[in-house]
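Written out below as structure tokens is the structure these notes cover.
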Amino acid sequence: MAARRSPAFAPSQRFLTLPAALSALAAAAGLLCGSALLSPALAQTATPAAAQSPTSSGDPALHAQIETRAKAAEARLIAWRRDIHQHPELGNYETRTAKLVADHLRKLGMDVKTGVAKTGVVGLLKGGKPGPVVALRADMDALPVKERVDVPFASKAKGKYLGKEVDVMHACGHDTHVAILMA
């Protein structure tokens, strides 16, 4: 059986179209933040019987609520991604990005620990009941690569790599990963 392709991705294209990419980001944000998007009460009452929860029932009202909240988060997600893309930092030097993430997690009411493995950030969201732990993570580092795309949020950053000054950019999606988890 031949693999099916998304209509937004043709064999001659190298990347998703912008609308398809934005839809994918919004959907990912909705999935990654599902319990926060639904309600704190649902997040606190989840049990192994969650397999029969409203999220698996095809409840149109719930799907509409998720869609509405994902669209509301879209502008923030895009702004964070572009900001992080425009200000890339090489590994172990991600101080600006770490501050951005830590400040946001604090605004969400999480316990935040910074300086983890030098520039890492951990945000702990405590539930009302004991239970399993879920970890979501994203790399924040950029690469010693020159930005060659003419977009308003293109990187003009420089950094030190192997003792030499180099151009720095997010060339493999870490800017997007961080923005999705912040959403």
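Quick notes on this one:
- Test: residue in region 161-179 that is surrounded by 14 or more Cβ atoms within 10 Å (Cβ to Cβ), out of contact with any Leu (no Cβ under 9 Å at 6 or more places or on another chain), at negative phi and β-branched (Val, Ile, Thr): no
- Residue match in region 47-64 (condition: within 13 Å of the chain's Cα centre (by Cα) and modelled with pLDDT under 95): no
- Candidates Leu42, Leu77, filtered to the one that is closer than 19 Å to Leu125 by Cβ and modelled with pLDDT of 95 or more: Leu77
- Gly120 being without any contact (Cβ under 8 Å) to a residue 24 or more places away in the chain and on the phi > 0 side of the Ramachandran plot: no
- Residue match in region 120-143 (condition: at pLDDT 95 or above, more than 19 Å from the chain's Cα centre (by Cα), surrounded by 12 or more Cβ atoms within 10 Å (Cβ to Cβ) and part of a loop (DSSP other than H, G, I, E, B)): no
- Hey, Ala98 on the phi < 0 side of the Ramachandran plot, in a helix (DSSP H, G or I) and in contact with a Ser or Thr (Cβ under 7 Å, 6 or more places away or on another chain) or not: yes
The values are calculated or read from the model by the stated rules, or taken from the named source; none is laboratory data. Everything numeric here is computed off the predicted structure, so don't read it as measured data. Note that we place each Cβ from the backbone using ideal geometry, even for glycine, and neighbour counts take in every protein chain shown.
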